[in-house]
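What follows is a single structure, written as C-alpha cells, with notes after it.
The values are calculated or read from the model by the stated rules, or taken from the named source; none is laboratory data. All figures in this text were calculated on a predicted structure; none of them were measured in a lab. Positions of Cβ are generated from backbone atoms using ideal geometry, with glycine treated the same way; all protein chains shown enter the neighbour counts.
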2 protein chains.
Amino acid sequence: MRITLVGSGNVATHLAAAFKNAGHSIMQVYSRDMQNAALLAYHVKADAIDDLQNINPDTDLFVIAVKDDAIGPVAEQLAIYKKLMVHTSGAADLFTLLAFADNVGVFYPLQTFSKTKELDFRNTPLCIEGNGDEITKQLQELAQTISNKVYLIDSPKRKTLHLAAVFACNFPNYLYNIAQQLLAKQGIDFELISPLIQETAEKVQFNLPANVQTGPAIRNDETTMAEHIKLLQDEPHLQHLYELLSQGIIKMETPQRGDK
Amino acid sequence: MRITLVGSGNVATHLAAAFKNAGHSIMQVYSRDMQNAALLAYHVKADAIDDLQNINPDTDLFVIAVKDDAIGPVAEQLAIYKKLMVHTSGAADLFTLLAFADNVGVFYPLQTFSKTKELDFRNTPLCIEGNGDEITKQLQELAQTISNKVYLIDSPKRKTLHLAAVFACNFPNYLYNIAQQLLAKQGIDFELISPLIQETAEKVQFNLPANVQTGPAIRNDETTMAEHIKLLQDEPHLQHLYELLSQGIIKMETPQRGDK
C-alpha cells in the first residue's frame, strides 16, 4: 500500500517503520517542523514536507498521527483528495474524521512508544475501526501485515481502553518515578528495584492482578502502613496518595490472598 | 551451610529452593501449619516441624521468614541455641533480633514472590545487614551463592527501599487491577493491555521513569483528562485517584518530554 504519514512523533515513527518493514511504500512524511519530517522520511525512504499544500495525491492512505486537537483541522485539509484517512488516537472519536469525509477509520496502537527504545511491533495490539464493513476489512488486512494482535474496537470501547491504558501505563510509570525519587534522596540506586518492577509486570501477563496483589495493604498490616506514612512526613502529596491507594487495595476483592 | 527455615510462605519457599539449588542443606522447615511445613520440606528434602520445641540445634543458620510481628517472639525462642539468625523483612529493624541475640542479621530479598510463578533468583536483589563486620561478611558470602545482586543495606535504608517497593510494585499492581475492572465492565479482555504493561516496566530498566513518562497528564491535555473524569462518573474513588495522580504528573520534573 502507498501510505502518507501526517505527523513525526513517536506513534508516527514506530508506525512508519513497521509499515516500511512490511513492504509498504511510505510516500511522504509531513511535520510542521521540517527537520523532524526529514529525519523520519530519511529512515523510511520517503519525501519530507512541512506544508500540507505540498501533499502528493498519489497515495492510498493518510495516517494522521498528530495531537488530538489537530486531527480535525488536518482531516479538513486532506478531505479534498478523497483518499482513505485514519487517525491513531485512543481518545478521539471516529466522528472527528467523519465530519469531513466518508472513507475514514481508526488505527490505534495500544502501546507506549519512545524514541529511545525499539519494540517488536508484531506484539503491539492494534485497535481498528472503519466507517463501514468494507473500510474495516481493508484496515484489518493492513493491520495484520504489521501486527499479530489486531482487534476490532468501536469508538466508545476505544475510549475505555485509552482510560485503562492511563491506569496501566502512565500512572504506574509515575509511581516508579516516586520510588526512584525516594531512593535517590537516600543515595540508593534505582536499579535495586528495577527487577521488582519487571517481575510485577510479568506476573500479570498470565494472572489477573487481583490474584497476585502483595504488600502491606492487602495484608492489612497497619504497623507497616503507619511507618510508611511517617517516613513520608515531609511529603503530604505522597502521604495522601499512599493512603488513597492503600484504602483501595484494602477494599479489593481478591480471590486468593497470602502472597508476600 | 546447614540452614533451618522458620516459615513456609512465599519468601521462605523461594529462599529455601534457592539455597537448596546452590548446594546448601535445608535441615528443617517450621510452620504452625504442619501441612505447609511438610509441603515445603518435601521439596527441599528437609524435616518438617510445627513446634519450635522440636528444633534440631544441629544447624548453622536460622532464617526467620514470618510475618513482621512474629519475628520477635520467634527470635526469643530460638536465642537459646546461640546460632546465627536472620530475618527476611524489609520493614523490620535489625534491632528486632538484636533484642534477643548478638549473632544476627537481615537477608531481605527485594522481589515480589508468588506461589504460581517461578523466578530466577540469581537476578533477585538481596539486601544484607549484619551485626558487625564478621557476620556481614558471612551473610554476604552466603547471599552470593544464590544471587548475583547482593547489596549491603542498613536498617534505615532498607525501610526506604521497602517503602519504594510499595510504590513500584504493590501500587502499580493495584492500578493494573483498576484497568482490568474498567475493561471487564465493557467486555474487553485484559490481555489487550498486557503488552502495554510489560513495555512500561521494560522502559524503566534502562531509563529513569521521568524520562519516559507519557500520557495526557504530562502533555497537560486537559480535554482528554476531562473526558476520562467523565467516564469515571460512577466511581468517585477512581476519579479522586485519577486527579491526584494526574496532578502529580503535571508537576513532575521531566528532562525530556514529547513521548506519546
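Quick notes on this structure:
- Which listed residue, of A:Asn21, A:Asn123, A:Asn54, is within 27 Å of A:Asn148 (Cα to Cα), touching a Phe, Trp or Tyr at 6+ places or on another chain (Cβ under 9 Å) and exposed (fewer than 15 other Cβ atoms within 10 Å of the Cβ): A:Asn21
- Hits in the range B:156-182 (condition: more than 7 Å from every other protein chain (Cβ to nearest Cβ), under 22 Å from A:Glu227 (Cα atoms) and free of Cβ contacts under 8 Å to residues at least 24 places away in the same chain): B:Pro156
- Filtering the range B:183-201 to residues that are at the interface with chain A (Cβ under 7 Å from one of its Cβ atoms) and either touching a residue at least 40 places away in the same chain (Cβ under 8 Å) or of a type in the set (Asp, Glu) (or both) leaves only B:Glu199.
- Residues being surrounded by 13 or more Cβ atoms within 10 Å (Cβ to Cβ) and more than 9 Å from every other protein chain (Cβ to nearest Cβ) - total across the range A:226-245: 4
- Checked against the criterion of being part of a loop (DSSP other than H, G, I, E, B) and more than 30 Å from B:Asn123 (Cα to Cα), the range B:193-215 contains one or more residues that satisfy it.
- All conditions in (1) without any contact (Cβ under 8 Å) to a residue 12 or more places away in the chain; (2) farther than 18 Å from B:Leu94 by Cα; (3) in the same structural domain as B:Leu232 (by TED's automatic domain parsing) hold for B:Glu118, with the sole exception of (3).
- Selection of first residues in the range A:46-65 that are within 12 Å of A:Val29 (Cβ to Cβ) and of second residues that are among the charged types (D, E, K, R), restricted to Cβ pairs under 7 Å at least 6 apart or on distinct chains, gives the following pairs, ordered by first then second residue: A:Asp50/A:Arg32; A:Asp50/A:Asp33; A:Thr59/A:Arg2; A:Thr59/A:Lys83; A:Phe62/A:Lys83.
- Of all residues making up the range A:34-65, the number that are of a type in the set (A, V, I, L, M, F, W, C) and touching a helix residue (DSSP H, G or I) at 6+ places or on another chain (Cβ under 6 Å): 7
- The listed residue being hydrophobic (A, V, I, L, M, F, W, C) and in contact (Cβ under 8 Å) with a residue 12 or more places away in the chain, out of A:Ala17, A:Ala38, A:Ala70: A:Ala17
- Screening the candidates A:Phe113, A:Phe100, A:Phe107, A:Phe121 for the property of being within 24 Å of B:Val204 (Cα to Cα) and in contact with a strand residue (DSSP E or B) (Cβ under 9 Å, 6 or more places away or on another chain) yields one hit, A:Phe121.
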